[in-house]
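The values are calculated or read from the model by the stated rules, or taken from the named source; none is laboratory data. Keep in mind that what you see is a predicted model, and the values were worked out from it rather than measured. Because the Cβ atoms are built from the backbone with ideal geometry, glycine has one as well, and the counts that use them run over all protein chains shown. Remember, those area values only see protein heavy atoms, side chains included, never the ligands or the DNA or RNA. Shrake-Rupley method; radii C 1.70, N 1.55, O 1.52, S 1.80 Å.
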Amino acid sequence: MDVWEAIQNKRAIREFRAESLRSDHIDRILNAGRRSQSSKNSQPWHFIAVQNKESLAKLAETGAGMGHVAGCALCVVIVVPTENERTLWHFFDSGQSAAYMQLAATEIGIGSCLGTIYDPEQAADILGIPAGFQTRLVISFGYPDDGAAKRPLQAGGRRVFDDVVHWETW
Ligand SMILES: Cc1cc2nc3c(=O)[nH]c(=O)nc-3n(C[C@H](O)[C@H](O)[C@H](O)COP(=O)(O)O)c2cc1C
């Protein structure tokens, strides 16, 4: 699968088979995030790789749309420094690392979905995140279950090209 194919086919996968991921695949996903670009090459991120079922179940309670975390094989929690003058870029950079990890996973047949944390303090308690750092974003990874794998692409519609793209001026 080339990058274009991965971009075209990647869907948010929220239902996973109860199967662990290979450790070299886990390393590849985490390395993709580590390799991501960032503002001024600041690499502000830490990634907490969570596979423990009890922790996953607790994490799933930290946001309204986090149910998929409870059933995933691996949850990567993206941690960045707490609010400061570079917060905007920290969250932009987090998104970059997330996209890299998700595309790397797509190439090796691993599905993923982002999750938004509404209660960062609860997440910090669960994961032992130290003062000076925060998390708002996690990614669930796992092998797509049969239903998720077969769901038609049209459910993941996108705005049409001419609505999105402006040439030279608005
Ligand atoms: C910043 C961000 C936060 C997201 N948070 C959640 C979330 O909390 N729960 C969830 O199920 N999906 C979440 N998603 C996934 C989006 O819903 C998904 O990427 C979007 O609907 C497109 O899905 P598709 O590629 O299958 O069409 C999030 C995506 C992004 C980029």
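Tell me yes or no: at least one residue of the range 1-8 is of a type in the set (D, E, K, R) and at pLDDT 95 or above.
Narrowing the range 1-8 to residues of a type in the set (D, E, K, R): 2, 5.
From what's left, at pLDDT 95 or above: none.
Looking through the range 1-8, none of the residues is of a type in the set (D, E, K, R) and at pLDDT 95 or above.
Can you pull out every residue in the range 5-30 that is open to solvent by less than 70 Å² (accessible area, probe 1.4 Å) and either within 16 Å of the ligand (Cβ to nearest atom) or more than 11 Å from Glu107 (Cβ to Cβ) (or both)?
Pass one, the range 5-30, residues open to solvent by less than 70 Å² (accessible area, probe 1.4 Å): 6, 10-13, 16, 21, 25-26, 29-30.
Selection gives Ala6, Lys10, Arg11, Ala12, Ile13, Phe16, Leu21, Ile26, Leu30.
Every residue in the range 84-93 that is over 30 Å from Arg22 (Cα atoms) and in contact (Cβ under 8 Å) with a residue 12 or more places away in the chain, please. Show your work before the answer.
Our first condition is that a residue be over 30 Å from Arg22 (Cα atoms); within the range 84-93, this holds for 84-89.
If the condition is that a residue be over 30 Å from Arg22 (Cα atoms) and in contact (Cβ under 8 Å) with a residue 12 or more places away in the chain, then Arg86, Trp89 are the ones that fit.
For residues in the range 47-72 being assigned to a loop (DSSP other than H, G, I, E, B) and open to solvent by 10 Å² or more (accessible area, probe 1.4 Å), which is nearest to Phe16 (Cα to Cα)? Spell out how you get there, then give the answer.
At the first step, the residues of the range 47-72 found to be assigned to a loop (DSSP other than H, G, I, E, B) are 51-52, 63-66, 71-72.
Next, from what is left, pick out any that are open to solvent by 10 Å² or more (accessible area, probe 1.4 Å): 51-52, 63-65, 71.
Values: Gln51: 13, Asn52: 15, Gly63: 19, Ala64: 19, Gly65: 16, Gly71: 6 Å.
Checking each candidate, the answer is Gly71.
Looking at (1) touching a residue at least 40 places away in the same chain (Cβ under 8 Å); (2) more than 11 Å from the ligand (Cβ to nearest atom); (3) within 19 Å of His46 (Cβ to Cβ), find the lone condition where Asp125 falls short.
Evaluating Asp125 over (1) touching a residue at least 40 places away in the same chain (Cβ under 8 Å); (2) more than 11 Å from the ligand (Cβ to nearest atom); (3) within 19 Å of His46 (Cβ to Cβ) leaves (1) as the failure.
Which of the residues belonging to the range 10-30 are free of Cβ contacts under 8 Å to residues at least 12 places away in the same chain and of a type in the set (S, T, N, Q)?
Within the range 10-30, just Ser23 meets the criteria.
Pull up the range 45-68, narrow it to residues that are within 12 Å of the ligand (Cβ to nearest atom) and more than 15 Å from Pro120 (Cα to Cα), then point me to the one that is farthest from the chain's Cα centre (by Cα). Please lay out each step first, then the result.
From the range 45-68, those within 12 Å of the ligand (Cβ to nearest atom) are 59-60, 62-68; that's our starting set.
Still in the list and also more than 15 Å from Pro120 (Cα to Cα): 67-68.
Working: Gly67: 14, His68: 12 Å.
Applying the filter and picking the extreme gives Gly67.
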